[in-house]
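None of the figures in this text is laboratory data; all of them are computed from the coordinates on show. As the structure is a computational prediction, the values presented were derived from the model and not from experiment. Positions of Cβ are backbone-derived with ideal geometry, glycine not excepted, and every protein chain shown enters the neighbour counts.
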Amino acid sequence: MHKRQQSSFWLFYDGACPLCEKEVQWLKRRKTKANHTLHFIDISQPSFNAKEYGKSMEDFMGELHLRSADGEWLKAMEATRMIYRIIGLGWLMAPTGWPGLRALTDMAYRVFARYRPRKKSCTERCGLPSEK
């Protein structure tokens, strides 16, 4: 009998965003589907170096990134849809990929990513404008 190959994914998330952190904690409690592993990398940590991945901090802060073991990058809603498939809840995000809804949910994601809440400690480290 043929055994399925294990696939790993790395989720790059903004731990300085309270909503992002809350969702990551929820994801960590979920079991991944058989033959999948999901790793988490907090880009707001001082030890994180975006250049190690061939990207800028601005790239990572602009949208969610998910990287597969073979080096493929998924971003924004594509990454979100894949994450939910990995944890066995792909059906929940499937409508966001349907024609018509895809454009709407992708736009809503871009608005969220731009205006999501951040802890003040991240503004300098993450290259964000400080709040006045």
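Extension gain for Ala108 to Asp42 (0.36 nm times residue separation, less C-alpha to C-alpha distance): 21.5 nm.
Ranking of Lys75, Lys55 by neighbouring Cβ atoms within 10 Å, starting from the fewest: Lys55, Lys75.
Fewest neighbouring Cβ atoms within 10 Å first, the residues Thr37, Thr80 line up as Thr37, Thr80.
In a fully extended conformation the segment linking Asp59 and Glu72 would gain 3.1 nm over its present Cα-Cα distance, using 0.36 nm per residue.
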